[in-house]
Amino acid sequence: MAACPPELAWNICRVKVHEAWPRTTGGKIKVAIIDTGIAAHPNLQIAGGVNTIRGGSYADDNGHGTHVAGITAAKGLDGIKGVAPDVELYAIKALDSRGGGYVSSIIAGVDWCIRNKMDVINMSFGLVGSSVSRALSDVIAKAYNQGIVIVASAGNSGTEDNGMIDAPASFPEVMAVAATDMSDKVTGFSSRGTGIDLAAPGEQIKSTWLNGGYMTLSGTSMSSPHAAGGVALLLSRQARLSPTQVTEQLKSWALPLPSVTENEQGAGLLQLDRI
């Protein structure tokens, strides 16, 4: 096992992705971040995107989407490197400056990903109640059936939701990701429930931010893009894998955490050293 270089962030070391980088850094894999957009940043290279709210710029005016994007794809400047730094990164701005939005904008974003042949979609947000529409589940199923791997955050409700994780993570076609901390424990805020596939670092994660800066945030929003980057690395090595095969492969490599149920961690902590 390769020692983790001291210049890498704790979360990158914990998923052992540095051991996969000699073989792949995700080149030519198209990763779409459906979020608040992605801001121009010296540590990010954005290949394109779309604003599904009102057209125009896909630039981030909130910060969340830029932070998520850096966890997947930061190039390595300033000591901040993403899981898959050489992916083709696409910004789908479906959420506004406050991080809110309409389900119709999210649906339009997924549809754009289908039309533009994305390989991976990351969705670091959660919908509850009446927001979970049949139209959204239908378009996600369509993307899945076209071979797109869809990854989403499990939610930040802790134990409050009686075993429920957020949609779209709760949809059967979606890889749902819980959050762990620096001690490899599932965080108190990470939602519990059936349907969680994996866990990944989600506490005190430093990543790209607005105005060329950096920010440290916590949440399952930060966990999901670790897995999305891992998916990209796996697909760059085995392009013919189906979404189901990708999920099962990553789950088979995961590290089960002691004294934690499947409803908290899924198969365990994401491990990428065997890609």
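Yes or no: SER207 within 22 Å of PRO243 (Cβ to Cβ), under 16 Å from the mean Cα position of the chain (by Cα), polar (S, T, N, Q) and modelled with pLDDT of 95 or more? So SER207 does not fit the description; no. Taken over segment 213-225, the criterion of being in a helix (DSSP H, G or I) and either out of contact with any strand residue (DSSP E or B) (no Cβ under 9 Å at 6 or more places or on another chain) or more than 15 Å from ALA267 (Cα to Cα) (or both) is satisfied by THR220, SER221, MET222, PRO225. Taken across segment 132-140, residues that are closer than 21 Å to ILE38 by Cβ, out of contact with any Gly (no Cβ under 9 Å at 6 or more places or on another chain), surrounded by fewer than 24 Cβ atoms within 10 Å (Cβ to Cβ) and of a type in the set (A, V, I, L, M, F, W, C) do not occur at all.
Can you tell me which residue in segment 123-169 is modelled with the lowest pLDDT, limited to those that are β-branched (Val, Ile, Thr) and in contact with a Pro (Cβ under 9 Å, 6 or more places away or on another chain)?
Within segment 123-169, the subset β-branched (Val, Ile, Thr) is 128, 132, 139-140, 148-151, 159, 165.
Still in the running and in contact with a Pro (Cβ under 9 Å, 6 or more places away or on another chain): 132, 140, 148-151.
Numbers: VAL132: 73, ILE140: 98, ILE148: 98, VAL149: 98, ILE150: 98, VAL151: 98.
Among them, the one singled out is VAL132.
Filter segment 62-86 down to residues that are of a type outside the set (Gly, Ala, Ser) and under 19 Å from VAL103 (Cα atoms) and give me whichever is nearest to the chain's Cα centre (by Cα). Here the answer is HIS64.
Within segment 66-98, the set of residues being more than 17 Å from THR24 (Cα to Cα), among the aliphatic types (A, V, I, L, M) and buried (at least 24 other Cβ atoms within 10 Å of the Cβ) comprises VAL68, ALA69, ALA91, ILE92, ALA94, LEU95.
Considering each of ILE34, ILE12 in turn, give the residue that is part of a strand (DSSP E or B) and either polar (S, T, N, Q) or buried (at least 24 other Cβ atoms within 10 Å of the Cβ) (or both). Only one candidate qualifies: ILE34. Taking the condition within 15 Å of HIS64 (Cβ to Cβ), within 13 Å of the chain's Cα centre (by Cα), at pLDDT 95 or above and not aromatic (Phe, Trp, Tyr), does GLY202 pass? The answer is yes for GLY202.
Could you say which residue among THR216, THR261 is farther than 23 Å from LYS81 by Cα and out of contact with any Ser or Thr (no Cβ under 6 Å at 6 or more places or on another chain)?
Numbers: THR216 fails: farther than 23 Å from LYS81 by Cα.
Selected residue: THR261, the only one of THR216, THR261 that is farther than 23 Å from LYS81 by Cα and out of contact with any Ser or Thr (no Cβ under 6 Å at 6 or more places or on another chain).
With the structure loaded, tell me whether SER223 is over 20 Å from VAL83 (Cα atoms), in contact with a Gly (Cβ under 8 Å, 6 or more places away or on another chain) and of a type in the set (Gly, Ala, Ser) or whether it fails that test. Here the answer is no, as SER223 does not meet what is asked.
Beta carbons closer than 6 Å, at least 6 apart along the sequence or on distinct chains, pair a first residue in segment 221-232 that is buried (at least 24 other Cβ atoms within 10 Å of the Cβ) with a second that is outside any helix (DSSP H, G or I) and polar (S, T, N, Q) for SER221/SER124; SER221/SER153; SER224/ASN122; SER224/SER124; SER224/SER153; PRO225/ASN122; ALA228/ASN122.
Out of ALA47, ALA91, ALA39, I need the residue that is of a type outside the set (Val, Ile, Thr), assigned to a loop (DSSP other than H, G, I, E, B) and in contact (Cβ under 8 Å) with a residue 12 or more places away in the chain. Which one?
ALA39 is the lone residue from the list that is of a type outside the set (Val, Ile, Thr), assigned to a loop (DSSP other than H, G, I, E, B) and in contact (Cβ under 8 Å) with a residue 12 or more places away in the chain.
Of the set (1) part of a loop (DSSP other than H, G, I, E, B); (2) touching a helix residue (DSSP H, G or I) at 6+ places or on another chain (Cβ under 7 Å); (3) not polar (S, T, N, Q), all apply to ALA228 but (1).
Taking the residues in segment 220-275 that are acidic (Asp, Glu) and over 21 Å from ILE148 (Cα atoms) as candidates, determine which candidate is modelled with the highest pLDDT. Talk me through it step by step, then tell me what you get.
Step one: of segment 220-275, the residues acidic (Asp, Glu) are 248, 262, 264, 273.
Restricting the remaining residues to those that are over 21 Å from ILE148 (Cα atoms) gives 262, 264, 273.
Details: GLU262: 93, GLU264: 95, ASP273: 98.
So, considering only residues that are acidic (Asp, Glu) and over 21 Å from ILE148 (Cα atoms), the one modelled with the highest pLDDT is ASP273.
The set of residues in segment 239-275 being surrounded by 13 or more Cβ atoms within 10 Å (Cβ to Cβ), free of Cβ contacts under 8 Å to residues at least 12 places away in the same chain and not in a helix (DSSP H, G or I) consists of LEU241 alone.
The values are calculated or read from the model by the stated rules, or taken from the named source; none is laboratory data. Since the model is a prediction, treat every value here as computed from it, not as a measurement. A quick note on method: Cβ atoms are made from the backbone with ideal geometry, for glycine too, and the neighbour counts reach across all protein chains shown.
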